[in-house]
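See below for the structure under consideration.
The values are calculated or read from the model by the stated rules, or taken from the named source; none is laboratory data. Everything numeric in this text was worked out from a predicted model, so none of it was measured. Here the Cβ positions follow ideal geometry from the backbone for every residue, glycine too, while neighbour counts run over all protein chains shown.
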Amino acid sequence: MTLRTAAWLIAAYLGLCRVSMRWRWVNKDAAQRLWRGKSPVILALWHNRVPLGPSGWDFSRGAPPIKVMISKSKDGELIAQIMRRMAVGAIRGSSTKAGKQKGATGALREMVRRLKDGGAVAITPDGPRGPRMRAQMGAIQVARLSGAPILPFAWSCNPAKAFDSWDRILMPYPFAKAAGVYGELIMVPREISDDDMEVWRLKLENELNRVSAAADRLVGRPYLAPADPAPPADGIETEEPFA
């Protein structure tokens, strides 16, 4: 099976799931206010909620075009093709050791530029390799440099399949009971210290875990706890692609 065919089949399946589910939404007004005001925004969700991530960006309700950060790996190319079929664009970062810094910096700049022009982007703060449900610094960096707010989002459904991957990615079933939960907007100040960066990183992590637990609870699904935190990094990581 070719990559293009696989992307088409997966996108078609996810589209069927999205339209056949019985959805319940929480705090969607927070997103709709941004859409009506044509405001720049960073949509943040955990890597294990990627499959129906586009459901949180309702084009039928006036949501503007959005692009997600996706690595240049083979898996990233598959996800990029799936997202394009779900009307979501891609900003490609680098997944190779040699090109990681250059690719990450270029993608970071493109995201900031897009936000300053009034656009919207999406980031998985624990991607591309985890630890699961532990935020890295990239989303905070993008928010600080662009001045755009972060909108945490989580969806869940029951029944669904949680795969045995590092993130325990959640794959929906058609006609399931589903919930989408938006968190409180996070506005990162432009002038903050390194210590303050950690405060905001933890605030994002906690809010994403809160909305994820709320979405799971609404559909009667057991909550998946975050993985153990990673050891402190030497520098600030700026690449959080979808895959």
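Within the range 184-207, can one find any residue that is closer than 29 Å to Tyr13 by Cβ and buried (at least 16 other Cβ atoms within 10 Å of the Cβ)?
No: zero hits.
Which is at pLDDT below 95 and touching a helix residue (DSSP H, G or I) at 6+ places or on another chain (Cβ under 7 Å), of Arg190, Arg168?
From the options Arg190, Arg168, the qualifying one is Arg190.
Please go through the range 16-32 and give me each residue that is among the small types (Gly, Ala, Ser) and within 18 Å of the chain's Cα centre (by Cα), ordered by number.
Within the range 16-32, Ala30, Ala31 meet the criteria.
Could you tell me whether any residue of the range 67-80 is over 23 Å from Leu170 (Cα atoms) and among the β-branched types (Val, Ile, Thr)?
no
Tell me whether the range 15-27 contains one or more residues that are crowded, with 22+ Cβ neighbours inside 10 Å and touching a residue at least 40 places away in the same chain (Cβ under 8 Å).
Yes, because at least one residue in the range 15-27 is crowded, with 22+ Cβ neighbours inside 10 Å and touching a residue at least 40 places away in the same chain (Cβ under 8 Å).
Just to check your reading of the model, which residue among Ser193, Ser146 is more than 20 Å from the chain's Cα centre (by Cα) and among the hydroxyl-bearing types (Ser, Thr, Tyr)?
Sole residue among the options that is more than 20 Å from the chain's Cα centre (by Cα) and among the hydroxyl-bearing types (Ser, Thr, Tyr): Ser193.
Over 20 Å from Leu202 (Cα atoms), crowded, with 23+ Cβ neighbours inside 10 Å and in contact with a Gly (Cβ under 7 Å, 6 or more places away or on another chain) - does that describe any residue in the range 156-168?
No, the range 156-168 contains no residue that is over 20 Å from Leu202 (Cα atoms), crowded, with 23+ Cβ neighbours inside 10 Å and in contact with a Gly (Cβ under 7 Å, 6 or more places away or on another chain).
Could you please find all residues in the range 58-72 being on the phi < 0 side of the Ramachandran plot and either charged (D, E, K, R) or surrounded by fewer than 17 Cβ atoms within 10 Å (Cβ to Cβ) (or both)?
Asp58, Phe59, Ser60, Arg61, Pro64, Pro65, Lys67, Lys72
Does Ser60 satisfy the criteria of being in contact (Cβ under 8 Å) with a residue 24 or more places away in the chain, farther than 29 Å from Met137 by Cβ, among the polar types (S, T, N, Q) and out of contact with any helix residue (DSSP H, G or I) (no Cβ under 8 Å at 6 or more places or on another chain)?
no
Quick check on my filter: what residues within the range 151-186 are in a loop (DSSP other than H, G, I, E, B), in contact with a strand residue (DSSP E or B) (Cβ under 8 Å, 6 or more places away or on another chain) and touching a residue at least 12 places away in the same chain (Cβ under 8 Å)?
Arg168, Ile169, Gly183, Glu184, Leu185
Right, Ile79: under 14 Å from the mean Cα position of the chain (by Cα), assigned to a helix (DSSP H, G or I) and under 18 Å from Ala107 (Cα atoms) or not?
yes
Tell me, which residue of the range 13-29 that is aliphatic (A, V, I, L, M) and part of a helix (DSSP H, G or I) is nearest to Pro172 (Cα to Cα)?
Leu14
List every residue pair whose Cβ atoms lie under 6 Å apart, where the two residues are 6 or more positions apart in sequence or sit on different chains, the first residue falls within the range 92-117 and is in a helix (DSSP H, G or I), and the second residue, located anywhere, is modelled with pLDDT under 75.
Lys100/Ser94; Gly103/Gly93; Gly103/Ser94; Ala104/Gly93; Ala104/Thr238; Ala104/Glu239; Ala107/Gly93; Leu108/Thr238
Do you know which of the residues in the range 118-150 that are assigned to a strand (DSSP E or B) and of a type outside the set (Gly, Ala, Ser) is farthest from Val88 (Cα to Cα)?
The residue in question is Ile150.
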